[in-house]
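The structure appears right after this line, and notes come after that.
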Amino acid sequence: MLRNVRLCTRAEACAPIITRMSEIQAGLPRPLGATWSESGVNFAIFSSHATRVELCVYDAASAALQVRVDLPSRSGDVWHGSLTPPRARPGSLYSFHVHGPNEPHNGHRFDPGVELIDPYARALSAASPLRSRIVDGRFDWGADRPPSTPWRDTLIYELHTKGFTQLHPEVPPAWRGKYLGLTVPGVLGHLKNIGVTAVELLPVHSFVSEPFLKERGLTNYWGYNSVAWFSPASEFAVADPVVEFKEMVKALHAAGLEVILDVVFNHTAEGNELGPVLNFKGIDNSVYYRLLPDRRFYDNVTGCGNTVNCEHPQVRSLIIDCLKYWADEMHVDGFRFDLATVLARDGHGFNEHAAFFKAVRAEPSLERVKLIAEPWDVGWGGYQLGRFPAGWREWNDRYRDTVRSFWRRDGGKLGERAERFAGSSDIFKHNGRKPTASVNFITAHDGFTLNDLVSYNERHNEANGENKATAPATT
C-alpha cells in the first residue's frame, strides 16, 4: 500500500516523494525524541489533542526531503515510529507536522502546514528553517569526574560563552566566542587564579531572536529566548555543538571547575498569541502553556509573552528528562533556574510543596547536582525568597542590595549588613535551612557589571539602541 503520495513544495525542491508504510515500523513510545541505534532511529512525540502526526526527514548535506510519512502508532498520548538506515541516521534533519483542531478559543492552535521542532531534539540545524538533527551521542569522556565542590566552598563566576572569549588574545580566532574557547589554558588559568570553583553559563540552549529585535535589525545576545531545551546553541560551536560542549565540560572539570547552566524553563520563544509557532504551540498548546480563562490568550507571569505550564505531568516530565540529559549525558554539575517561581505555580500561586519539587527530589540523576533558584517572577505573589524546599539554594537579592548600600555608604543599615554577612538566617532559618541555602551575589547579568557598579550612579551603555537598558541586545 502506498501512503502520502505528494508533490514537494518549492521550498523542498525535489522530485515527488512516495513513502511506503512498510518503510516505517511501529517503534516504541519511549524515550521521547529521536533515538538512534545501529538498527535505526526511533521517533516519539507527545500530543494528547493531535489527530495525526507526520514525520519529515531531510538529507543532512543537501537538506532535500527524503521521507514524509505518518507516525504509524499511538500509545496513550505518544505518537511513534521507527526508520531504518539510510532513511534516517545521525546527521539527518527532521521535523514534525501535527494535525488537530485549530480552535484558539479552546486553546488549540494546530497547523499541519507548519514545520515543528522536536521538544526533545538533541541539536538543531544551524541554518533556517530550524529543523531538529539526529545525534549520535557517543563521546569519549575518559577519566572525567565531577569536581563535587562542597557548597560551603563554592564560588560561582557567571559568564557568557561568547562574550568571555570573543576578544581573548590567547584563544585561537576560530574558537573565540565558542565552547572551545573555554578549553584554552590561558582561559582556564585565569578562572583558577581568581579563585572561582564553578562557571555558571548564561543560557546555552538553542534560542532565537524575538520578533521585535528582528524588526529593528538586532539579534538576541543573552539567550533567554529558548526554543529547544536539550539542544546546545550552534552559535557557540565551530562545527558540532554537542561534541564541542562536551569537550568544554571535560576541560573545565580537568581544571577542577564545575559547570552550572542557567536554564529557562519558565517561558519559550513562541511568545504570546501573536508570536511564532515553533514547537509547543503546534504540538499541544493547551498542555504546554498556562492559558487565561479566555483560552485564546496566555498567562504571562514571565514578562515574555507566555508561561510554561508546569502543573501538567507531561511538562514536568519534559523538564526532568531535560535535566537528566544534561546531568547524565553532558556531565553538567548544576542548574540555575531562571524565574524559578513559575515552576511551582498552581491555580493558587506559588506552592512550596509543588509536584515539580517532588519530581526533582525523586530523580536519582539529580541527587548530586546543584539546584539554584532565582526565587521570583513578575506575576502576583512572584517574590518567594526563602520559600524553596530543602536541597535548593536561592539567589539572595537582599544580600546584593545590602552590599550595594554599604558601598554607597548609606546609613541606618548596619544591622541588616550583619544579618546578610552572617548567612541571612532571618530568611532561611524558619524551615531549618542553613546559611548555604543563600547564594550571596553582588551583581549579575540583569544589573551593572561589577566595574560599572562601583564606578557609576547610572547606566552608560548608550550605544545599545535600547535607551541604556541593562545590556546590549545585539551580537
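The values are calculated or read from the model by the stated rules, or taken from the named source; none is laboratory data. All of these numbers come straight from a predicted model, not from anything done at the bench. In this analysis, Cβ positions are derived from the backbone assuming ideal geometry, glycine residues included, and neighbour counts consider all displayed protein chains.
Assorted remarks:
- Residues that are in contact (Cβ under 8 Å) with a residue 60 or more places away in the chain, of a type in the set (Ser, Thr, Tyr) and not in a strand (DSSP E or B) within the range 188-234 comprise THR197, THR219, TYR221, TYR224, SER234, listed in sequence order.
- So GLY305, is it closer than 22 Å to ARG387 by Cα and outside the structural domain of ASN102 (by TED's automatic domain parsing): no
- Among the residues making up the range 235-294, those that are in contact (Cβ under 8 Å) with a residue 12 or more places away in the chain and of a type in the set (Gly, Ala, Ser) are ALA237, ALA251, ALA254, ALA255, GLY256, ALA269, GLY271, GLY275, GLY282, SER286.
- One residue stands out in the range 129-149 among those that are surrounded by 13 or more Cβ atoms within 10 Å (Cβ to Cβ) and of a type in the set (A, V, I, L, M): the one that is nearest to PRO85 (Cα to Cα), namely ILE134.
- Among the residues of the range 172-215, those that are in contact with a strand residue (DSSP E or B) (Cβ under 8 Å, 6 or more places away or on another chain), among the hydrophobic types (A, V, I, L, M, F, W, C) and crowded, with 17+ Cβ neighbours inside 10 Å comprise LEU182, LEU191, VAL196, ALA198, VAL199, LEU201, LEU202, VAL204, PHE207, VAL208.
- Subset of the range 76-89 [surrounded by fewer than 21 Cβ atoms within 10 Å (Cβ to Cβ) and out of contact with any Leu (no Cβ under 8 Å at 6 or more places or on another chain)]: GLY76, ASP77, THR84, PRO85, PRO86, ARG87, ARG89
- The lone exception for VAL454 - which of (1) more than 23 Å from the chain's Cα centre (by Cα); (2) within 30 Å of HIS312 (Cβ to Cβ) it fails: (2)
- Within the range 45-63, being without any contact (Cβ under 8 Å) to a residue 40 or more places away in the chain and in a strand (DSSP E or B) holds for one residue alone: VAL57.
- Index of the failed condition, LYS246 passing every other in (1) part of a helix (DSSP H, G or I); (2) in contact with a Ser or Thr (Cβ under 9 Å, 6 or more places away or on another chain); (3) surrounded by fewer than 24 Cβ atoms within 10 Å (Cβ to Cβ): (2)
- Which numbered condition GLY303 fails, given (1) under 26 Å from GLY275 (Cα atoms); (2) in a helix (DSSP H, G or I); (3) not basic (Lys, Arg): (2)
- With a requirement of 2 or more residues that are surrounded by 15 or more Cβ atoms within 10 Å (Cβ to Cβ) and of a type in the set (D, E, K, R), the helices (runs of 4 or more DSSP H) lying completely within the range 332-424 that satisfy it span 397-407, 414-421.
- Condition check for LEU180: modelled with pLDDT under 95 and either among the hydrophobic types (A, V, I, L, M, F, W, C) or in a helix (DSSP H, G or I) (or both): no
- Matching entry among GLY195, GLY256, GLY223, GLY217 (being modelled with pLDDT under 95 and on the phi > 0 side of the Ramachandran plot): GLY217
- Evaluation of MET21 against (1) surrounded by 14 or more Cβ atoms within 10 Å (Cβ to Cβ); (2) modelled with pLDDT of 95 or more; (3) not acidic (Asp, Glu) (one fails), failing number: (2)
- Test: residue in the range 99-115 that is touching an Asp or Glu at 6+ places or on another chain (Cβ under 8 Å), at pLDDT 95 or above and within 30 Å of ASP328 (Cα to Cα): no
Yes/no matrix, rows are residues, columns are (1) farther than 15 Å from GLN314 by Cβ; (2) among the aliphatic types (A, V, I, L, M); (3) crowded, with 18+ Cβ neighbours inside 10 Å; (4) touching a residue at least 40 places away in the same chain (Cβ under 8 Å):
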| site | (1), (2), (3), (4) |
| --- | --- |
| ARG30 | no, no, no, yes |
| SER37 | yes, no, no, no |
| LEU65 | yes, yes, yes, yes |
| LEU71 | yes, yes, yes, yes |
| GLY91 | yes, no, no, yes |
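- Looking only at residues of the range 453-472 that are charged (D, E, K, R) and either closer than 22 Å to ARG408 by Cα or loosely packed, with under 13 Cβ neighbours inside 10 Å (or both), we find that the one that is modelled with the lowest pLDDT is LYS468.
- Tally, over the range 250-281, of residues that are part of a helix (DSSP H, G or I) and either closer than 17 Å to HIS312 by Cβ or out of contact with any strand residue (DSSP E or B) (no Cβ under 8 Å at 6 or more places or on another chain) (or both): 5
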